[in-house]
1. Is there any pair linking a residue in segment 122-148 that is farther than 21 Å from Asp103 by Cβ and surrounded by 13 or more Cβ atoms within 10 Å (Cβ to Cβ) to one that is acidic (Asp, Glu) and at pLDDT 95 or above, with Cβ under 7 Å and at least six apart or on different chains, and which?
2. Check Ala13, Ala39, Ala77, Ala6 and return the single one that is of a type in the set (Gly, Ala, Ser) and over 21 Å from Val136 (Cβ atoms).
3. Only one of (1) farther than 24 Å from Glu149 by Cα; (2) loosely packed, with under 14 Cβ neighbours inside 10 Å fails for Gln90. Which number is that?
4. Being of a type outside the set (A, V, I, L, M) and assigned to a helix (DSSP H, G or I) is the filter; apply it to segment 167-195 and report the residue that is nearest to the chain's Cα centre (by Cα).
5. Taking Ala100 as the residue in question, decide whether it is within 13 Å of the ligand (Cβ to nearest atom) and either out of contact with any Gly (no Cβ under 6 Å at 6 or more places or on another chain) or open to solvent by less than 30 Å² (accessible area, probe 1.4 Å) (or both).
6. Could you check, for segment 101-118, whether at least one of its residues is touching a Leu at 6+ places or on another chain (Cβ under 6 Å), closer than 12 Å to Asp8 by Cα and acidic (Asp, Glu)?
7. For segment 103-117, enumerate the residues that are over 12 Å from the mean Cα position of the chain (by Cα) and either within 14 Å of the ligand (Cβ to nearest atom) or farther than 24 Å from Arg157 by Cα (or both).
8. In the list Val121, Val143, which residue meets the criterion of being within 18 Å of Gly34 (Cβ to Cβ), of a type outside the set (Asp, Glu) and not in a helix (DSSP H, G or I)?
Amino acid sequence: MIFTVAIDGPAAAGKGTISRAVAERFGFAHLDTGALYRAVGAKGGDPVAAARNLVPADLARDDLRTLEAGQAASRVAVIPEVRAALLEFQRRFARREGGAVLDGRDIATVICPDAEVKLYVTASAEIRAHRRWLEVGGDPAQVLAEVRERDARDMGRADAPLRAAEDAVVIDTSDLSVDAAVALATAAVARRLGDRPG
Ligand code: DC
C-alpha cells in the first residue's frame, strides 16, 4: 500500500511528536525531514556539496537538536540547490511501500502534493518558544526571538516557503494536550484509510 501522511508546520509546534505517534499507530515509516537540513547545516563547508553527499552517519550526529543547528538548518534551507539535492530522496521515501509519514515545511506543498493526508500543525510563537525553552533552557526571551527569526525565514523564503496547503487539516496545538493533538491527527488518517476502496 502506498499512503503518505504529510505533516508541515513551524518549529516546535508538535510535528515530531504527532508524526512519531501516527507512524507507530499505523505501522508507517517516519522521516523527520528537518534532520536532513540540520545535518547539511551542521556539516559546514559548502552546503550544496554537503546536501549532495549526505550519508546516514550525518543524520546520526548528537548535536542536531540544538538551537544553533536549527538556525543553521533554516539558513541552508533557503538555497534552492540544497532543496533540489534533497528532493528525490524525500519523494521516494514518501511513496515507499507500506505507508510513510514525513514532517517538515514543504511536504504537502512541494514534496508530495498528492499525499493522502495533509496536516498543518501550528501553535502561537509564545507557546512554541516556551516548549522549546523547556527542552533547551537558556534565556526565554532569546528562545522566543529565535523562534520568530526562524518563522520569518522559513515563511519568507522564495523557494518552498512554509505555508499550509489549501487542502490541509489545520491542528492548532496551542491549547491542546499531546494526547488530544495526536487523537485529531490519528482520526484524520483513519478517516482517509477508511475511504480507500478495497
Ligand atoms: O523541523 P526542524 O526544526 O528540524 O527544521 C529545521 C529547519 O530546516 C527549518 O527551520 C527549515 C528547514 N526545513 C525546511 O526548509 N524544509 C523541511 N521540509 C524541513 C525543514
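1. Leu144/Glu126
2. Ala6
3. Gln90 satisfies all of (1) farther than 24 Å from Glu149 by Cα; (2) loosely packed, with under 14 Cβ neighbours inside 10 Å except (2).
4. Thr186
5. When the stated conditions are applied, Ala100 does not pass them.
6. Filtering segment 101-118 for residues touching a Leu at 6+ places or on another chain (Cβ under 6 Å) gives 102, 105.
Okay, now just the ones that are also closer than 12 Å to Asp8 by Cα, so 102, 105.
With the extra rule that they be acidic (Asp, Glu), the set shrinks to none.
No - not one qualifying residue is present in segment 101-118.
7. Initially, segment 103-117 is screened for residues over 12 Å from the mean Cα position of the chain (by Cα), giving 109-110, 112-117.
Result: Thr109, Val110, Cys112, Pro113, Ala115, Glu116, Val117.
8. Values: Val143 fails: not in a helix (DSSP H, G or I).
Sole residue among the options that is within 18 Å of Gly34 (Cβ to Cβ), of a type outside the set (Asp, Glu) and not in a helix (DSSP H, G or I): Val121.
The values are calculated or read from the model by the stated rules, or taken from the named source; none is laboratory data. Values in this document were obtained by computation on a predicted structure and should not be read as measured data. Cβ coordinates were reconstructed from backbone atoms using ideal geometry, including for glycine residues, and neighbour counts include every protein chain displayed. Heavy atoms of the whole protein, side chains included, go into the accessibility calculation; ligands, DNA and RNA do not. Shrake-Rupley method; radii C 1.70, N 1.55, O 1.52, S 1.80 Å.
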